[in-house]
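A.B. asks: Here you go, one structure.
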Amino acid sequence: MNLFSEFKARIGTAVAALQTEGVLPEGLDTSKISAEPPRDTAHGEVSTNAAMVLAKPAGMKPRDLAVLLADRLVVTPGVEAADVAGPGFINLRLAASFWQDRLAEILRAGTDYGSSSMGGGVAVNVEYVSANPTGPMHVGHGRGAVVGDVLASLLHKAGFAVTREYYVNDAGAQVDVLARSLYLRYREALGEAIGEIPEGLYPGEYLVPLAKALAAEYGDRYKAAADSDWLSLFRDRAVAAMMDLIRDDLAAMGVKHDVFSSERALVEAGGVQAAFEELVAKGLIYEGVLEPPKGLLPDDWEAREQTLFRASDFGDDVDRPLKKSDGSWTYFASDIAYHYDKHRRGAEVMIDVMGADHGGYVKRMAAAVKAMTDGKASLDIKLCQMVNLMRDGEPVKMSKRSGNFVTLREVVDDVGRDVVRFIMLTRKNDAHLDFDLKKVTEQSKDNPVFYVQYAHARAHSVLRHAAESLPGLDVSAAALSTVDLAPLTDEAEIALIKLLAAWPRVVEGAAEAHEPHRIAYYLSEVAAAFHSLWNKGRDAAELRFLLPDRKDVSVARVALVRGLASVVASGLMVLGVTPVEEM
């Protein structure tokens, strides 16, 4: 359980009882009551503002009401003391037995601990990666892939109905450039000396195998043909091959998608036209002239009448054009249609994970979703900053395979999937990330992925030793959930249980904020606490997990270690990282 939600419910029960007795009036708004950790841990484990929120509408002094509520709360299970502080805060101190009960709860739940119904089955569409199908993915794409994939897992654990989606941008000018790049390689495969790759085409060698396959299939049929004869074929083959390449890269990362949506299919099915007509029907389209951009005017700017969407009515800075001068749709028009399609497929919450270069896209797209859905759906765009790839502090050189960047697959093959996934979440998505290929494989406490995985492996080492030194002891979580946990009274032991018991709140808070990096931070904190407790046992024999002459203490501490392993495994499973049992 989220223990803070539990205490908020207890506070609500206390308020209701005082209303029944006529001490408090009916109809009080309790929605702003909070139950959370106090800023100073010396004040206890739970703090509430209930008296301060309710005092004025109840016609009472905050401290007087706080005393009444404290008297009710102090007699509820597990509460050792309820103190009134300052203008009317109530601080609750919880008994050791309360925390021992939480450990038993963790053991009963296993890796399901932390799962929540908070999301209430709300339909969330998380779109991530969506790299243009023009070549292999680079490390920046990998960051967005991990952020999106872990966020989807996190939302699922918090009780949301999640769809993982990839949007294939296969209708823009970039795929025509890809087709021309493939055509050049096709001519090369037929024996022509193509020289240096012209600027504007994709220079990587990943197109060579496909070009050779086309040469084998069609011979020189298209070598001297007009663009119109080969462009569509080469574009379709290139996009299909690049998507196979991308899917392979995603599989190597352990990244999953439920849906792959095609921009071209959406356009050809009339989706953009349908979205446009919907905006027309809402009175949100007009013909007008935009004001010139602020600052130095671009050379190609001219005042001209355009078909505009009233984006500024929904929070954008300016209205936005939906058609180009030749009458074709703008990228923005296609994006509106795509998000409208997501909503029509049931998405109540949409989350797009994108590169930092899409910063100017946020307001206009949020405005479009608000307009198209009449405010019934929301959009959150998570921008991922650049990843600086290094080796021992030096920038990594470019890849021959890609032509101008190091591919994500090369990094995964170099350091492993688990390392890549965890390291991508060691900084918030909107902060730059330094990824040092040497440092992330070091076996030290300065390497966060090693430090967390080592905590899980170390816990299982304790469990193996316990099974050997305590014959007959069942070290499964289910069996240990029934043992006597009363011997767990040391301050460090209780502190670790408190940290483990915070896992449900961490899950709910991270899911609500759409911040998957919080899981990596939490696991690092748990690992540090466990390693610290281990080290205390090295210095003080009485604090070791296994005491030959104290079976009751040993069994209780083995239960604590099993609980630790369950929570760490639960967190690593959200991250898509393997909870290894040996290192």
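The values are calculated or read from the model by the stated rules, or taken from the named source; none is laboratory data. This structure is a prediction, so every number in the text was calculated from the model and none was measured. FYI the Cβ positions are ideal-geometry reconstructions off the backbone, even for glycines, and counts take in every protein chain you see.
A.B. asks: Output the residues belonging to the range 522-561 that are assigned to a helix (DSSP H, G or I), surrounded by fewer than 16 Cβ atoms within 10 Å (Cβ to Cβ) and more than 34 Å from the chain's Cα centre (by Cα).
C.D. replies: Lys536, Arg538, Asp539, Ala541, Glu542, Lys551, Asp552
So that you can scan it fast, the table gives a plain yes or no per residue for (1) hydroxyl-bearing (Ser, Thr, Tyr); (2) over 20 Å from Met573 (Cβ atoms); (3) touching a residue at least 24 places away in the same chain (Cβ under 8 Å):
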residue: Gly86; (1), (2), (3): no, yes, no
residue: Phe89; (1), (2), (3): no, yes, yes
residue: Met118; (1), (2), (3): no, no, yes
residue: Val124; (1), (2), (3): no, no, yes
residue: Ser130; (1), (2), (3): yes, yes, yes
residue: Gly135; (1), (2), (3): no, yes, yes
residue: Val139; (1), (2), (3): no, yes, yes
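A.B. asks: Of the residues in the range 277-294, how many are farther than 24 Å from Asp374 by Cα and either of a type outside the set (Asp, Glu) or surrounded by 11 or more Cβ atoms within 10 Å (Cβ to Cβ) (or both)?
C.D. replies: 5
A.B. asks: Taking the range 507-520, which residues are surrounded by fewer than 23 Cβ atoms within 10 Å (Cβ to Cβ) and in contact (Cβ under 8 Å) with a residue 12 or more places away in the chain?
C.D. replies: Glu508, Glu512, His514, Glu515, His517, Arg518 - these are the residues of the range 507-520 that are surrounded by fewer than 23 Cβ atoms within 10 Å (Cβ to Cβ) and in contact (Cβ under 8 Å) with a residue 12 or more places away in the chain.
A.B. asks: Now for a different question. Considering every residue within the range 510-517, establish whether at least one is part of a loop (DSSP other than H, G, I, E, B), in the same structural domain as Ala559 (by TED's automatic domain parsing), at pLDDT 95 or above and among the hydrophobic types (A, V, I, L, M, F, W, C).
C.D. replies: no
A.B. asks: Quick one: is Leu564 of a type outside the set (Ser, Thr, Tyr) and assigned to a helix (DSSP H, G or I)?
C.D. replies: When the stated conditions are applied, Leu564 passes them.
A.B. asks: With respect to Ala238, is the statement that it is surrounded by fewer than 16 Cβ atoms within 10 Å (Cβ to Cβ) and either outside the structural domain of Val147 (by TED's automatic domain parsing) or part of a loop (DSSP other than H, G, I, E, B) (or both) true?
C.D. replies: Criteria not met by Ala238.
A.B. asks: With respect to the numbered conditions (1) loosely packed, with under 15 Cβ neighbours inside 10 Å; (2) assigned to a loop (DSSP other than H, G, I, E, B), which one is the sole condition not fulfilled by Lys56?
C.D. replies: For Lys56, the failing item is (2).
A.B. asks: Go through (1) free of Cβ contacts under 8 Å to residues at least 12 places away in the same chain; (2) assigned to a helix (DSSP H, G or I) one by one and return the number of the condition Leu245 breaks.
C.D. replies: Exception for Leu245: condition (1).
A.B. asks: (1) touching a Ser or Thr at 6+ places or on another chain (Cβ under 8 Å); (2) over 28 Å from Ala528 (Cβ atoms): which one isn't true of Pro395, the others all being true?
C.D. replies: (1)
A.B. asks: For His456, all conditions in the list (1) surrounded by 20 or more Cβ atoms within 10 Å (Cβ to Cβ); (2) touching a Ser or Thr at 6+ places or on another chain (Cβ under 7 Å); (3) closer than 30 Å to Ala95 by Cβ hold save one; what is the number of the exception?
C.D. replies: Only one criterion in (1) surrounded by 20 or more Cβ atoms within 10 Å (Cβ to Cβ); (2) touching a Ser or Thr at 6+ places or on another chain (Cβ under 7 Å); (3) closer than 30 Å to Ala95 by Cβ is unmet by His456, namely (2).
A.B. asks: Just to verify a result, which residue in the range 112-136, among those that are of a type in the set (A, V, I, L, M, F, W, C) and surrounded by fewer than 24 Cβ atoms within 10 Å (Cβ to Cβ), is nearest to Leu500 (Cα to Cα)?
C.D. replies: Met118
A.B. asks: Same structure again: Contact list please: Cβ distance under 6 Å, first residue in the range 28-39 and within 12 Å of Ala51 (Cα to Cα), second residue part of a loop (DSSP other than H, G, I, E, B), pairs at least six apart or on different chains.
C.D. replies: Qualifying pairs under 6 Å: Ser34/Asn49.
A.B. asks: Checking Leu92 against (1) closer than 30 Å to Val147 by Cβ; (2) crowded, with 23+ Cβ neighbours inside 10 Å; (3) among the hydrophobic types (A, V, I, L, M, F, W, C), which test does it fail?
C.D. replies: Going through the list (1) closer than 30 Å to Val147 by Cβ; (2) crowded, with 23+ Cβ neighbours inside 10 Å; (3) among the hydrophobic types (A, V, I, L, M, F, W, C), Leu92 breaks only (1).
A.B. asks: Let me ask something else. Within the range 218-276, restricting attention to residues that are over 30 Å from Ala368 (Cβ atoms) and of a type in the set (Asp, Glu), which residue is farthest from the chain's Cα centre (by Cα)?
C.D. replies: Asp220
A.B. asks: Name the strands (runs of 3 or more DSSP E) wholly inside the range 68-152 in which the number of residues that are under 22 Å from Leu433 (Cα atoms) is 1 or more.
C.D. replies: The qualifying strands (runs of 3 or more DSSP E) are 123-127.
A.B. asks: Any idea how many residues of the range 190-213 are over 20 Å from Met242 (Cα atoms), without any contact (Cβ under 8 Å) to a residue 24 or more places away in the chain and not acidic (Asp, Glu)?
C.D. replies: Number satisfying all stated conditions: 5.
A.B. asks: Report yes if Lys438 is in contact with an Asp or Glu (Cβ under 6 Å, 6 or more places away or on another chain), surrounded by fewer than 14 Cβ atoms within 10 Å (Cβ to Cβ) and in contact (Cβ under 8 Å) with a residue 24 or more places away in the chain, otherwise no.
C.D. replies: Yes; evaluated as a whole, the condition is true for this residue.
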